[in-house]
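Report on the following structure.
Read the figures in this text as sums done on the coordinates, not as results from a lab. Since the structure is predicted, the reported quantities are computational estimates derived from the model, not experimental observations. Cβ coordinates were reconstructed from backbone atoms using ideal geometry, including for glycine residues, and neighbour counts include every protein chain displayed.
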Ligand SMILES: [Zn+2]
């Protein structure tokens, strides 16, 4: 029989699929019978999914392209300035 304390201790393993099937079944039965742990489990799972989603999409393609354009322009401006300065100095 699993208590809330047991469940919370195993929660991160449970969400990582790291528990063995027997324990997993026990944990799932506890969630079905205990609304408190169900809410905690559901909230934690969603939080983890949000963080993992961010990892999968680090930078939208458009933002990346804009950054690269800005960097290229900066480099070009600097090169032109350096060239002009060189001419002025003779
Ligand atoms: Zn519980």
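Overview of results
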{"read-out": "Residue list for the stretch 28-40, filter: near the ligand (Cβ under 9 Å from one of its atoms) and assigned to a helix (DSSP H, G or I)", "value": "30, 31, 33, 35, 36, 37, 38, 40"}
{"read-out": "The stretch 1-16, residues that are surrounded by fewer than 11 Cβ atoms within 10 Å (Cβ to Cβ) and within 13 Å of the ligand (Cβ to nearest atom)", "value": "1, 5"}
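Table: residues versus (1) in a helix (DSSP H, G or I); (2) surrounded by 11 or more Cβ atoms within 10 Å (Cβ to Cβ); (3) within 16 Å of the ligand (Cβ to nearest atom).
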| site | (1), (2), (3) |
| --- | --- |
| 18 | no, yes, no |
| 25 | yes, yes, yes |
| 42 | yes, yes, yes |
| 52 | yes, no, no |
